[in-house]
Structure formats: structure tokens, C-alpha cells
Amino acid sequence: MSLKLRGAVVLTEHGREYLDISIRDGRISYLGKDDSYPHEEIDLSGLTVLPGFIDIHLHGGGGYDAMTATYEALNTIAITHAKHGTTAMCPASVAASEEELEGLAAAFKEVVEKGTDGAKILGWHVEGPYMNVETLGAHKEEYVRPASVEEMKKLVEISADSIKLVTIAPEIEGALDVIRYLKSIGVVATMGHSMATADDFAKAVDAGASHTTHLFNAMRKFHHREPGLIGAALVDDRVTSEVIADGIHVHPVALKLFYKCKGAERGILVSDSIEAVDLPDGEYKLGSLTVYVESGRARLADGTLAGSTLTMERAVKNMIELAGASLEDASRMASLNPAKLLGLDYRKGSIAVGKDADLVAIDDDFNVRLTVVAGRIVYNNLK
């Protein structure tokens, strides 16, 4: 299929430019005004085209939770988030039994092999069960256990290597061995749900950890005599960090601190969204937990934050409005940086000839008007 998107402002690696985007065989074949190859043309005048968003941490959407562990669930999640500009994703699990995680591993194998009708599912973010019981957030303590290389090897095998990230508290039993194993097979070891000290953080990074999960949330509070994971991550350029920029999980001042410290090079935006995305307030599920959504805020019965209803185009907008980021920087945090973390920046994360045609067209109010995944239109809201 060949397609030409014309008339828009395009955010390329060189900045904002008025360019036509020619697409052939799922990739960007030409950027400019004089491509003579015959294409189906779509007029995007008045819109801005950004690289498609890559969400490396979400739990659901459209009424489905990833823990449902079916192709239908994961496909619906992919379709739902494509409406918000996400073109690639790594849905996350919650702490669960070995049997449940093995079932989810098989589901991820299937969806990665078959593909979806929305955003491309790159693989699985294993969030839990290797957590500190003091910083569980919306996870069940009964499923928390010491980190196990053997368990990870089994999940990797069942999932056919579809595991892309594993969240782990670096201070718990077995953590450093698992981090070394993940590093050896090219899986991102990300630190989170943790009471780690700055020294624990340093040992984990030396072992191969390279990322932190939803910085500020579900981890030891910052203190000037023990900065913990938060302080250590903010100043260590070896590590990228993700943040939930919904204005609920993290105060705008903390978002500004995040932006100043991790910046456009090492900051990553995630949604951490649950199945309530695109649905009204009410009761929903996050794994086996009941979540109550009121005014878009997702909480357990005891008030604990339990994921979000955030979507990626709003995360980008919030970084601009709440943290003072430029469009270029906020876009990079939602696209190129996660692509780099996953080792996929050679084909994803920016608009350049030869890269996957993963694109999102937005209007001035950040409403998504068109989403393209590998050259295929998966969402069209053009008027």
C-alpha cells in the first residue's frame, strides 16, 4: 500500500517542517514535495504530524484488562489506545501467581505473532511480582515473592521472548541475579515498587538496571540524608525514568523537577492506564483488584492510586502545560526515548526515511485526528 500525507506541519528529527510524507510497504519512503510515485493522498492541512507514541507501561483500555490474558483483550487495548495516538506498546501485568503469569506469557506470544488491529504490541512489561511489600501500590501482597531467575527463564520461554521490561525492587532477595540475567538477554530491568536506598540503586545499575518505573510513585520518599531511588535516578545519566504526567500521580512542581533532571534525553512518558480508558466513571478491574474511577481518578477502596485513565496525547500535552516542555521535547519523551530504551530507535520513534510509518496527526488542541501504524490507517477522525 502506498500513501501520501500532505499539508501538515511535520515534526522531524530536524524540527518542524512543512513536508509531505510518502509511505510505501509500511515505511516512510520520502519526505518532501516532489515525490512522483502514485499514492493515495490524504490532506492534513492545519494539523501537526508527530512520531507515533510508544507506551511502555499500561494495563488496559476499552473495558479490557491485560490480565484477562486473551487475544481479544490485548487487541481491544491496542485499538483503544491507537485512538489516542499510541502506535506501539508494552502492556503490563500486575503481581500474580506463577500460573496466571504463565497464561499471560502465552497470550503475549500469540498477540505478538498475530499482530493487532490497532497499536503494535511490542511485548510484555512484567510489573510484579518482584516488589517490596512496603511499596505495593495497587498490587496484592499475597503474590509478592523473591526474585527468581528460574521463574523468569520459564516466562521468557513461554512468551517466545516477548518480554521487553521487568519491574523489580533492587533491594529484595534475588534481585541482582535477575537483573544480571535480564541484561544478558537484552530485556530492560527497571527499578520500581521499591524501598531501595541510593546504594541499592547503584548496585542495581552496576548489575545492569537501566530504567525506573513511574518515578516518584510506589517508592521510598526522597530525604536529604537518604535520597533513595528518586534522588539517585534523577541525577544518574545512565538511567532513563518514566513518569505518569496526569497531574494526579505527580505534582506539577515534581514534573518540572523531572523535566529539568531527566529532560528530553532520558525522560519517558507513560500512561499506566487501566481498562477504564474511554469509559465513564464507575467500577473497574486491575488484575483481581476492584478500582473505583471518579472524575477520571482511579483508586482502590482505601484511596490508593490504582493506575490512571491517562492517554498518551494528554501526557504530551500535560508535559507542555504543566512542566513547561517544548512540543519537540514532550514528543521525544513519548516516542524516541522509549524506542531507544527498547533498542528500536533504528526503525521507530522519529519521522525519517526508512523508518516505520508510525504517525499521529493532532490538531491545535491535541485531539488525535489520524493514527497510522506501519503505513496502515488504524484510526481516522478527520473532518
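The values are calculated or read from the model by the stated rules, or taken from the named source; none is laboratory data. Just so it is clear, the model here is predicted, and its values are computed rather than measured. Because the Cβ atoms are built from the backbone with ideal geometry, glycine has one as well, and the counts that use them run over all protein chains shown.
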(message) Can you list the strands (runs of 3 or more DSSP E) lying wholly within region 3-42 that have 1 or more residues being crowded, with 19+ Cβ neighbours inside 10 Å and of a type in the set (A, V, I, L, M, F, W, C)?
(response) 9-12, 20-24, 27-32
(message) For region 31-41, check the following and say yes or no: at least one residue is aliphatic (A, V, I, L, M) and in contact with a Lys or Arg (Cβ under 8 Å, 6 or more places away or on another chain).
(response) no
(request) Within region 349-382, work out how many residues are touching a helix residue (DSSP H, G or I) at 6+ places or on another chain (Cβ under 8 Å), part of a loop (DSSP other than H, G, I, E, B) and surrounded by 24 or more Cβ atoms within 10 Å (Cβ to Cβ). (result) 1
(message) For Asp25, only one of the following conditions fails: (1) on the phi > 0 side of the Ramachandran plot; (2) in contact with a helix residue (DSSP H, G or I) (Cβ under 7 Å, 6 or more places away or on another chain). What is its number?
(response) (2)
(message) Within region 137-154, does at least one residue satisfy the condition of being of a type in the set (Val, Ile, Thr), out of contact with any Asp or Glu (no Cβ under 8 Å at 6 or more places or on another chain) and in a strand (DSSP E or B)?
(response) no
(request) Identify the single condition in (1) within 24 Å of Ala66 (Cβ to Cβ); (2) surrounded by fewer than 24 Cβ atoms within 10 Å (Cβ to Cβ) that Glu328 does not satisfy, given that it satisfies every other one. (result) (1)
(message) So, restricting to strands (runs of 3 or more DSSP E) that lie completely within region 259-301, which ones have at least 3 residues that are under 20 Å from the mean Cα position of the chain (by Cα) and buried (at least 22 other Cβ atoms within 10 Å of the Cβ)?
(response) 267-270
(message) Which pairs turn up if I take residues in region 71-98 that are at positive phi and look for partners that are part of a loop (DSSP other than H, G, I, E, B) with beta carbon separation below 7 Å, at least 6 apart in sequence or on another chain?
(response) Gly85/Gly52
(request) Kindly check whether there is at least one residue in region 104-118 that is closer than 18 Å to Lys285 by Cα and either small (Gly, Ala, Ser) or not assigned by TED's automatic domain parsing to the domain that holds Gly26 (or both). (result) yes
(message) Take the conditions crowded, with 19+ Cβ neighbours inside 10 Å, out of contact with any strand residue (DSSP E or B) (no Cβ under 7 Å at 6 or more places or on another chain), hydroxyl-bearing (Ser, Thr, Tyr) and closer than 27 Å to Lys114 by Cβ and apply them to Tyr64. Does it pass?
(response) yes
(message) Here's a check for you: in region 290-320, which residue that is of a type in the set (S, T, N, Q) and touching a helix residue (DSSP H, G or I) at 6+ places or on another chain (Cβ under 9 Å) is farthest from Leu255 (Cα to Cα)?
(response) Thr311
